[in-house]
Every structure is written in structure tokens, then in C-alpha cells.
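See below for the structure under consideration.
The values are calculated or read from the model by the stated rules, or taken from the named source; none is laboratory data. Since this is a predicted model, take the numbers as computed values, not measurements. Don't worry about glycine lacking a Cβ; one is built from the backbone with ideal geometry, like all the others, and counts go over all protein chains shown.
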Amino acid sequence: MTGRVRRLPIRVDTWALDPSGRYIAYGHSPHPPSIQQIRIYDLATGSRRILYRGPRHQIAPPQVAHWSADGRWVLFWPDFENSASLAADGLPLIAVSRQTGTTDTITPVMLVWNNFLTWCGPRLVAATGGDRYVTDHKRVILAAPPAWRARVLTRPVLLVPGPTSAGNARTPILIPGSAHRASKFCWLARSRVILSE
């Protein structure tokens, strides 16, 4: 990678680069969190605009997760009460339209891990479910814009692979990168790989 490094004139809490590489969506929530916004910064022109404003009288700074594959939506988690403990048990995943600013809830609860989200073409694949343990009460869903209706691909319980379950391609499998960190995983369902990292 070559090119000039420059400092951006924005304060970024969480961020994601759009598929074109031109726009950054970022959470803007200065302390105290009276302003809770997602803003878009244009790397080419330096312009900024507000995409989303959080609800008044509620602490829920937006944690930017991803852009949609087509660049028309920004996905985020509202960090209720700005609480690490609440977030550890899961938060809703919400999509906000870049064109209209309207929002749709993709799933009511999931762990706040970017690598629990990926794209299969235009469709989002996500590991959802509450509880801070990555192997408890989870399922894999498939959702696509603009309706974002989630289709469940797996049963609620995911198994850590063992000698018997690893060979069964119809069993949903979560493979953590280590015993304490689910940084790499592979989902198998319906006799094919849905998501692999």
C-alpha cells in the first residue's frame, strides 16, 4: 500500500469504510452523550453529513458495525446506557438507510462482534442471540435489504466441534479462534459452508 497518510478532521468512536472506499460512516457521541449520531465523511471532498440521530432522552450511542454490500445501508448497535455489561449480553442490530435515514431492526439481540457479521453477495449472514457466551443460545440468520426480514438458517443451539459433530455437515458449528476469543469461526449448515473466515 502506498500513498500519503493524512489525519482526518473528525472524531471517530466506531467506524466502517463503505464498499467504494470513499465514505466513512462513524459514530459521533461526545461525552456527555447529548449528541448520539452516525455521520458520513466523504474522503474525496471532506464533506460531512448526519445520517442518524439517536433518540432523545435515552443514552444509546450508535456503534457502527458495517456498510451493506451495496453501500446503501449502515449497520449499527445502539449501546444502551453506554454500558459494557449490557452490551456484553447483546444489543439489537439496526440498519439505517443512507438515502432516507429510516431504520429497520435486523435482529433484536446479538453479540457486539464485527466478525459475527459477513456478506454473502447482497445478503447479510449474522450469528444472533443474547447471552455473553458465544456458544449459548445462538443461531445463524440470513437477511437482505431493503426489508431486512431475517431467515433462520440454524437451530438455536450451536455446538463446539468434537469428533462426532465435526463430521456432520448438517450440524451448525462454531469454531472459536481460541478458548477465550471467537475471532475466527466457520458456520456449516445445510451441507454447505455458509460463512468462513
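Within the range 151-158, does at least one residue satisfy the condition of being more than 22 Å from Val64 (Cα to Cα), modelled with pLDDT of 90 or more, of a type in the set (Lys, Arg) and assigned to a strand (DSSP E or B)?
yes
Any chance you could count how many residues in the range 68-101 are under 13 Å from Thr14 (Cβ atoms) and either in contact with a strand residue (DSSP E or B) (Cβ under 9 Å, 6 or more places away or on another chain) or modelled with pLDDT of 95 or more (or both)?
Looking only at that region, the number is 8.
With the structure loaded, tell me whether Asp104 is charged (D, E, K, R), closer than 30 Å to Thr135 by Cβ and either out of contact with any Phe, Trp or Tyr (no Cβ under 6 Å at 6 or more places or on another chain) or in a loop (DSSP other than H, G, I, E, B) (or both) or whether it fails that test.
no
Please go through the range 95-117 and pick out each residue that is closer than 23 Å to His57 by Cβ and buried (at least 22 other Cβ atoms within 10 Å of the Cβ).
Hits for the range 95-117: nothing passes.
Quick one: in the range 1-52, which of the residues that are aliphatic (A, V, I, L, M) and under 19 Å from the mean Cα position of the chain (by Cα) is modelled with the lowest pLDDT?
Once the filter is applied, the top-ranked residue is Val12.
Determine whether Ala126 is on the phi < 0 side of the Ramachandran plot, within 10 Å of the chain's Cα centre (by Cα) and surrounded by 14 or more Cβ atoms within 10 Å (Cβ to Cβ).
So Ala126 passes the test.
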